[in-house]
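What follows is a set of notes on a single structure, which appears directly below.
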Amino acid sequence: MLDLNTLAEFSRGNCISICTFLVPANLLVTILTMSLVALRRPSHQVWQSAGIASFFASVMILHVYTWFQIGVVMAPTYILLWLAITCLVTNLAAILFQRRYSNSPSFSNNV
């Protein structure tokens, strides 16, 4: 059985390592998603990239909430939460943008 208290303690105990991985991973995969949309890559590639980025952002949100759970309210927790939410919204916007303009003739390069 999964013990959430142990998982939360692990998250807080390894905060530096977790954040050292998640912050660049969130940024890089979100930038990759935006690049795939800008390069008009197939939908499955955009969805795959957005899915990975959303997973990383969700893990970061859960990590930040473990700190909120014990009452740590500091600037880094809000900055990390803002970063994760921004990455989630950016990936959602990239998917919506691609769906909206992928078949639009006015978005083509043959102008």
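The values are calculated or read from the model by the stated rules, or taken from the named source; none is laboratory data. Note that the coordinates shown come from a computational prediction; the quantities given were computed from them, not determined experimentally. Every residue, glycine as well, gets a Cβ built from its backbone with ideal geometry; the counts of neighbours run over all protein chains shown. Remember, those area values only see protein heavy atoms, side chains included, never the ligands or the DNA or RNA. Shrake-Rupley method; radii C 1.70, N 1.55, O 1.52, S 1.80 Å.
The single residue among 71, 51 that is more than 11 Å from the chain's Cα centre (by Cα) and either closer than 25 Å to residue 37 by Cα or among the small types (Gly, Ala, Ser) (or both) turns out to be 71.
Which is touching a Cys at 6+ places or on another chain (Cβ under 8 Å) and either farther than 19 Å from residue 13 by Cα or charged (D, E, K, R) (or both), of 90, 30?
Working: 90 fails: touching a Cys at 6+ places or on another chain (Cβ under 8 Å).
None of the others qualify; the one that does is 30.
Yes or no, residue by residue, for (1) in a loop (DSSP other than H, G, I, E, B); (2) within 17 Å of residue 35 (Cβ to Cβ); (3) at pLDDT 95 or above; (4) out of contact with any Gly (no Cβ under 7 Å at 6 or more places or on another chain):
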position	(1), (2), (3), (4)
76	no, no, no, yes
79	no, no, yes, yes
83	no, no, yes, yes
93	no, yes, yes, yes
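Filtered by the rule that a residue be hydroxyl-bearing (Ser, Thr, Tyr) and either more than 16 Å from residue 89 (Cα to Cα) or open to solvent by 40 Å² or more (accessible area, probe 1.4 Å) (or both), region 17-66 gives 17, 20, 35, 43, 58, 65, 66. Among the residues of region 1-16, just one is open to solvent by less than 30 Å² (accessible area, probe 1.4 Å) and hydroxyl-bearing (Ser, Thr, Tyr), namely 11.
Using the structure shown, decide if residue 96 is exposed (fewer than 13 other Cβ atoms within 10 Å of the Cβ) and under 18 Å from the mean Cα position of the chain (by Cα). When the stated conditions are applied, residue 96 passes them.
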